[in-house]
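A short write-up of the structure that comes next.
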Amino acid sequence: MEKFNKLSGHAIPLRITNVDTDMIIPKQFLKTIKRTGLGEFLFYELRYDQDGNKISSFALNQEQYKDASILIAGKNFGCGSSREHAPWSIADYGIKCIIAPSYADIFYNNCFKNGILPIILDEATVSRLQDSSDSILNFNIDLEKQNITFLENNEKKEISFEIDPAKKKCLLEGLDDIGLTLNKVASIGHFEEGQENEIPWLYGNKLK
Amino acid sequence: MSTPKTIYDKIWESHIVDTNDDGTTILYIDRHLVHEVTSPQAFEGLRLSGRKVRRPEFTLATADHNVPTADRDKGIADPDSKLQVETLEMNAKENNITYLPMTDKRQGIVHIVGPEQGFTQPGMTIVCGDSHTSTHGAFGALAWGIGTSEVEHTLATQTLVQTKAKNMCIKITGKVIEGVTAKDIVLAIIRKIGTAGGTGYVIEYTGEAIRNLSMEGRMTVCNMSIEAGARAGLISPDETTCEYLRGRPLAPKGEVFEDAVNYWKSLASDEGAHYDSVVEIRADEIIPQITWGTSPEDVVSIDGFVPDPENEKNTDKKKSIERALDYMGLEPNMPVNEIKIDKVFIGSCTNGRIEDLRAVSQIAKGRKVEKGVHAMIVPGSGLVKEQAEKEGLDKIFIEAGFDWRDPGCSMCLAMNADKLQPQERCASTSNRNFEGRQGRGGRTHLMSPQMAAAAAIRGKLTDFRDL
């Protein structure tokens with residue numbers, strides 16, 4: 001799995017609350033059997049009109065955000081379906097960090113499986129960062145230190161963030177969590193034996 | 001005496017395989033449902049790492065998102081959809097997983113198929129790469145939606161690495177008034193707590209109005225737990241649950257069934273169990289609910305009005321009301337029962353069960369779909385379709401001018417050919433009214449099957465009790 005440690009980059013402000021996974025990656029792009037190549041369809045219906053022309057008012061289409069690697073979003077980001085195509089498209093586009101006041105649960109979890117750091121900050125701070133994202137050339141994100149640093153009006157600023165230690169470790173080390181669980185395969189077998197004794201009807205019954 | 005526990009606490013504790021050094025839990029997964037959209041990359045991952053499916057017999061696969069709901073004998077026209085469905089079939093075969101193809105009458109939406117087959121049972125942990133897996137919570141199972149990486153993790157290990165959520169109790173007190181359905185109850189809940197209200201929680205639904213619901217109604221409520229932000233929602237099992245399961249193909253049989261019933265009933269939350277949050281709603285305050293906007297929390301009663309952004313003080317909220325009104329093509333303060341519709345969609349994992357179709361037939365009988373309105377009814381599974389036809393419901397629908405189709409997810413998310421055109425307005429029994437959900441530029445109003453049927457008859461949103 002992709003590691004995440006430090007990141008330096010521009011940020012795109014996305015001033016919409018409750019951004020759902022249908023907005024992030026519309027259903028017509030879910031028919032793929034691959035994980036890659038979804039970046040060009042990220043926010044497709046916000047980026048392109050019905051004739052396929054770029055909508056110039058949308059941030060992702062604006063020159064100053066061309067190389068951005070951070071997205072500053074509204075609250076409850078990623079609500080809706082469980083499609084991992086949402087973080088796949090975000091990562092494939094080149095965004096490796098999201099800053100928002102809150103996330104929907106499944107999306108939040110999916111980010112960590114794909115090397116994306118979803119940072120949670122209070123609404124006022126997120127709103128301030130959105131407003132100043134144009135004047136700040138670089139946000140420096142350090143997961144190990146759990147902080148965001150940047151220069152604003154020639155002054156060095158620092159904002160720290162909280163993150164669950166297990167999730168932090170998973171990103172820092174880029175662990176193969178299936179491999180880690182399989183190290184405990186004996187415990188799994190032991191659990192199954194116990195469960196089969198207690199709830200035997202769960203076992204040996206397959207649909208024909 | 002031991003500490004009183006919620007049903008969530010009990011299921012969680014009985015599925016702990018091991019605890020990792022970082023405090024996360026390896027939780028055993030009893031059952032895994034698989035569909036074509038969120039699984040191909042997981043099977044590919046297994047292939048690349050040389051891993052095997054640990055428990056194929058605990059896994060059930062069917063295609064639902066991409067399947068056509070008409071002219072099935074011609075196969076799937078869209079090449080990408082066809083490839084995705086064929087990939088699932090191949091992956092299932094290669095890994096010895098039971099697969100219900102489009103030609104099998106048991107095929108349908110995974111969340112309808114699982115309960116019908118008795119694959120879903122109380123006390124189980126159930127996952128699927130689909131957020132509406134919360135549906136199975138109606139049986140007192142801990143069921144939640146996962147991403148593709150976790151689909152792969154489940155296939156390979158029959159476990160998931162999890163952190164325990166908090167307990168929320170939503171109690172619907174008293175009895176609902178006549179004509180108020182499970183859909184109205186759950187829309188009223190989301191209206192009250194919002195789409196992020198349940199984030200970080202597992203919701204348990206309790207109270208007289210919940211107890212009085214059939215299994216179909218309970219599934220409707222638990223289905224939309226995810227729209228309230230909760231990964232899972234559940235209802236403690238009771239007699240209604242056990243009777244639904246009796247005789248299902250995968251349910252225990254004979255004496256074992258009685259053992260199972262005792263076990264299932266022991267799972268109910270204990271008196272005095274602790275909840276981190278409690279919400280109470282009076283059932284008799286709920287009347288038929290509809291959504292006006294582009295978030296499932298944009299709910300209003302059918303006798304209500306489209307909101308006016310000028311009345312909203314919070315700037316973010318004001319902006320999102322303005323955005324939703326613009327997208328939906330609505331004017332502030334207009335009565336919602338004057339909103340005209342072009343299409344009707346009755347179906348989905350929320351409301352595509354036999355009870356829903358029976359309710360629709362009551363409205364449709366002896367009436368006609370309004371001229372110019374296209375109203376489709378998509379049963380949730382082949383068995384729902386068969387049962388409806390056995391009861392003659394199809395004849396009532398066709399006579400009234402409804403389009404009676406084959407089972408699948410259909411226009412709930414419009415991945416197959418069933419979709420809205422830009423600016424078309426739809427009365428829908430599905431679960432999401434997001435921008436573009438039913439087709440780019442399409443406008444969705446969520447409601448109960450009775451309300452959608454009444455909208456088809458009148459050509460506008462209407463209180464079905466006034467028909």
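The values are calculated or read from the model by the stated rules, or taken from the named source; none is laboratory data. Not measured: the values here are computed from a predicted model. Heads up, the Cβs are rebuilt from the backbone with ideal geometry, glycines too, and the neighbour counts pull from every protein chain shown.
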* Take the range B:311-334 and flag every residue that is farther than 16 Å from B:Glu435 by Cα, surrounded by 13 or more Cβ atoms within 10 Å (Cβ to Cβ) and either touching a Gly at 6+ places or on another chain (Cβ under 8 Å) or within 14 Å of chain A (Cβ to nearest Cβ) (or both). => B:Glu312, B:Asp316, B:Lys317, B:Lys318
* Structure fact -> Flagged in the range A:117-138 as part of a loop (DSSP other than H, G, I, E, B), of a type in the set (A, V, I, L, M, F, W, C) and crowded, with 18+ Cβ neighbours inside 10 Å, in numbering order, are A:Leu121
* Structure fact -> Among B:Thr133, B:Thr87, B:Thr98, B:Thr103, the single one that is on the phi < 0 side of the Ramachandran plot, within 21 Å of the chain's Cα centre (by Cα) and polar (S, T, N, Q) is B:Thr133
* Name, by its number, the condition in (1) within 19 Å of the chain's Cα centre (by Cα); (2) under 19 Å from B:His111 (Cα atoms) that does not hold for B:Leu187. => (2)
* To do: Within the range B:163-184, work out how many residues are within 14 Å of chain A (Cβ to nearest Cβ) and either buried (at least 24 other Cβ atoms within 10 Å of the Cβ) or part of a helix (DSSP H, G or I) (or both).
  => 1
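For the range B:348-362, which positions are part of a helix (DSSP H, G or I) and either of a type outside the set (S, T, N, Q) or free of Cβ contacts under 8 Å to residues at least 24 places away in the same chain (or both)?
Of everything in the range B:348-362, those that are part of a helix (DSSP H, G or I) and either of a type outside the set (S, T, N, Q) or free of Cβ contacts under 8 Å to residues at least 24 places away in the same chain (or both) turn out to be B:Cys349, B:Ile354, B:Glu355, B:Asp356, B:Leu357, B:Arg358, B:Ala359, B:Val360.
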* Taking the residues in the range B:296-310 that are away from chain A (no Cβ under 14 Å) and of a type in the set (Asp, Glu) as candidates, determine which candidate is farthest from B:Asn223 (Cα to Cα). => B:Glu310
* Asked: Tell me, which residue of the range A:86-116 that is part of a helix (DSSP H, G or I), more than 8 Å from chain B (Cβ to nearest Cβ) and more than 10 Å from the chain's Cα centre (by Cα) is nearest to B:Thr315 (Cα to Cα)?
  -> A:Tyr93
* Among the residues of the range A:95-109, is any buried (at least 24 other Cβ atoms within 10 Å of the Cβ), of a type in the set (Phe, Trp, Tyr) and in contact (Cβ under 8 Å) with a residue 40 or more places away in the chain? -> yes
* Any chance B:Ser49 is small (Gly, Ala, Ser) and within 22 Å of B:Leu142 (Cβ to Cβ) -> no
* Members of the range B:309-338 that are part of a loop (DSSP other than H, G, I, E, B) and either under 17 Å from B:Leu420 (Cα atoms) or among the small types (Gly, Ala, Ser) (or both) -> B:Gly329
* Only one of these conditions is not met by B:Ala359: (1) in contact with a Phe, Trp or Tyr (Cβ under 8 Å, 6 or more places away or on another chain); (2) crowded, with 17+ Cβ neighbours inside 10 Å. Which number is it? -> (1)
* Structure fact -> Okay, strands (runs of 3 or more DSSP E) sitting entirely in the range A:1-74 with 2 or more residues that are more than 14 Å from chain B (Cβ to nearest Cβ) and surrounded by fewer than 16 Cβ atoms within 10 Å (Cβ to Cβ), I get A:6-9
* Of all residues in the range A:167-202, which are more than 21 Å from B:Ile29 (Cα to Cα), of a type outside the set (Lys, Arg) and within 10 Å of another protein chain (Cβ to nearest Cβ)? -> A:Cys170
* To do: Residue by residue through the range B:362-409, note down the ones that are crowded, with 17+ Cβ neighbours inside 10 Å and on the phi > 0 side of the Ramachandran plot.
  => B:Gly401, B:Gly408
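With respect to B:Phe464, is the statement that it is over 21 Å from the mean Cα position of the chain (by Cα), more than 30 Å from B:Gln117 (Cα to Cα), away from every other protein chain (no Cβ under 14 Å) and not polar (S, T, N, Q) true? Spell out the reasoning first.
Details: over 21 Å from the mean Cα position of the chain (by Cα): yes; more than 30 Å from B:Gln117 (Cα to Cα): yes; away from every other protein chain (no Cβ under 14 Å): yes; not polar (S, T, N, Q): yes.
Here the answer is yes, as B:Phe464 does meet what is asked.
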* Could you grab me the full set of residues in the range B:15-24 that are touching a residue at least 40 places away in the same chain (Cβ under 8 Å) and either surrounded by fewer than 19 Cβ atoms within 10 Å (Cβ to Cβ) or in contact with a Gly (Cβ under 8 Å, 6 or more places away or on another chain) (or both)? => B:Asn20, B:Gly23
* What are the pairs, 6+ residues apart or on separate chains, where a residue within the range A:44-73 that is in the same structural domain as A:Thr21 (by TED's automatic domain parsing) and touching a residue at least 60 places away in the same chain (Cβ under 8 Å) has its Cβ under 7 Å from a residue that is part of a helix (DSSP H, G or I) and surrounded by 11 or more Cβ atoms within 10 Å (Cβ to Cβ)? -> A:Ile72/A:Val126; A:Ile72/A:Leu129; A:Ile72/A:Gln130
* Restricting attention to the range B:115-135, which residues are within 12 Å of chain A (Cβ to nearest Cβ), assigned to a helix (DSSP H, G or I) and in contact with a Phe, Trp or Tyr (Cβ under 8 Å, 6 or more places away or on another chain)? -> B:Thr133, B:Ser134
* Structure fact -> Sole miss for A:Lys208 among (1) more than 8 Å from chain B (Cβ to nearest Cβ); (2) farther than 27 Å from B:Thr148 by Cβ is condition (1)
* Asked: What single numbered condition from (1) touching a residue at least 40 places away in the same chain (Cβ under 8 Å); (2) surrounded by fewer than 23 Cβ atoms within 10 Å (Cβ to Cβ); (3) under 30 Å from B:Ala251 (Cβ atoms); (4) not small (Gly, Ala, Ser) fails to hold for B:Lys93?
  -> (1)
* Asked: Can you name the residue in the range A:184-208 that is modelled with pLDDT of 95 or more and not in a helix (DSSP H, G or I) and, of all such residues, is nearest to A:Lys6 (Cα to Cα)?
  -> A:Lys184
* To do: Answer yes or no: is there a residue in the range B:12-20 that is under 17 Å from B:Thr154 (Cβ atoms), within 24 Å of the chain's Cα centre (by Cα) and more than 9 Å from chain A (Cβ to nearest Cβ).
  => yes
* To do: Could you tell me which residue of the range B:144-162 is farthest from A:Ile188 (Cα to Cα), considering only residues that are within 7 Å of chain A (Cβ to nearest Cβ) and among the polar types (S, T, N, Q)?
  => B:Thr148
* Would you be able to say whether some residue in the range B:295-310 is free of Cβ contacts under 8 Å to residues at least 12 places away in the same chain and either within 26 Å of the chain's Cα centre (by Cα) or within 26 Å of B:Arg425 (Cβ to Cβ) (or both)? => no
* Kindly indicate which of B:Asn431, B:Asn416 is polar (S, T, N, Q), buried (at least 24 other Cβ atoms within 10 Å of the Cβ) and either over 21 Å from B:Ile354 (Cα atoms) or within 12 Å of another protein chain (Cβ to nearest Cβ) (or both). => B:Asn431
* Filter result for the condition that a residue is under 18 Å from the mean Cα position of the chain (by Cα), at pLDDT 95 or above, in a loop (DSSP other than H, G, I, E, B) and not hydroxyl-bearing (Ser, Thr, Tyr), over A:Ile148, A:Ile163, A:Ile141 -> A:Ile163
